[in-house]
Amino acid sequence: MSDTRSDGELLRAIAADADRHAFEELYRRYAPWLRARLRGRCADVGVVDDVVQETFLAVWRGKARHREEAGSVDAAGWLWRIASRRLVDALRGDGARGRLRQALARLRHRDEASAEERVLAGVEHGDLAGALVRLSPELRAVLQATVIDGLTTREAAVLLGIPPGTVKTRAMRARKQLREALA
């Protein structure tokens, strides 16, 4: 039997009473849409399924609270914001698969330097370190956000408080200056 309550009524029932039927209806309404939308950003079905599950678990456990603004309820937008953040975390390795990779990495032979350790040693002691120091702080910040932190252009723009086009331009200028310095 399908629930005829509005999204707002469902969200309030979940938050106030931990109403399981309201939660199940919200899940039926939005999980397929959320899964399809996430598949547009991530080809790994396992990661997408984990993200959908983590999104709805956050709603059920009350870790995510919907705030109604002027009586309007945008459940889809709210769920998408939760899911997109969870997807970024999962892709960065903060999800269950990332924790597994970290645990396996700790078991790796300790005498062997990782690829990251070898690159960082070259950065600290090689010509690249000097070239990086000569970059302006704005260009270094963009490289830090996009290359080292692995953020997308959009994420870096939000982090740095600049438009995405500026992030792209600064990244291009930084790469050009580094190429010239290392040539």
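The values are calculated or read from the model by the stated rules, or taken from the named source; none is laboratory data. What you are looking at is a predicted structure, and each value in this text was computed from that prediction instead of being measured. Neighbour counts are summed over all protein chains in view; Cβ atoms, including those assigned to glycine, are modelled from backbone coordinates with ideal geometry. What goes into the accessible areas is simple: the full protein's heavy atoms, side chains included, and nothing from ligands, DNA or RNA. Shrake-Rupley method; radii C 1.70, N 1.55, O 1.52, S 1.80 Å.
Structural remarks
- Tally, over the range 10-28, of residues that are loosely packed, with under 15 Cβ neighbours inside 10 Å and of a type in the set (A, V, I, L, M): 2
- Residues in the range 113-150 that are of a type in the set (D, E, K, R) and under 26 Å from the mean Cα position of the chain (by Cα) were compared, and the one that is modelled with the highest pLDDT is Glu138.
- Conditions (1) at pLDDT below 60; (2) within 24 Å of the chain's Cα centre (by Cα); (3) closer than 24 Å to Val158 by Cβ; number of the one not met by Arg97: (3)
- Taking each residue of the range 41-60 that is touching a residue at least 24 places away in the same chain (Cβ under 8 Å) and looking for partners that are loosely packed, with under 14 Cβ neighbours inside 10 Å and of a type in the set (Gly, Ala, Ser) with beta-carbon atoms closer than 7 Å, six or more apart or interchain, yields Asp50/Ala96.
- Considering the conditions (1) modelled with pLDDT under 80; (2) assigned to a helix (DSSP H, G or I), Arg110 is excluded by exactly one of them, (2).
- Leading residue by the ranking (most open to solvent (accessible area, probe 1.4 Å)) among those in the range 132-157 that are of a type in the set (A, V, I, L, M) and outside any helix (DSSP H, G or I): Leu151
- If you filter the range 54-84 down to residues that are in contact with a helix residue (DSSP H, G or I) (Cβ under 9 Å, 6 or more places away or on another chain), open to solvent by 40 Å² or more (accessible area, probe 1.4 Å) and part of a helix (DSSP H, G or I), you find that the one that is modelled with the highest pLDDT is Glu54.
- Residue tally, condition of a type outside the set (Asp, Glu), surrounded by fewer than 16 Cβ atoms within 10 Å (Cβ to Cβ) and over 24 Å from Ser84 (Cβ atoms), over the range 158-183: 9
- Residues located in the range 144-158, provided they are among the aliphatic types (A, V, I, L, M), out of contact with any Ser or Thr (no Cβ under 8 Å at 6 or more places or on another chain) and over 19 Å from Ala90 (Cβ atoms): Ala145, Val147, Ile148
- Within the span defined as the range 29-45, every residue fails to be acidic (Asp, Glu) and surrounded by fewer than 13 Cβ atoms within 10 Å (Cβ to Cβ).
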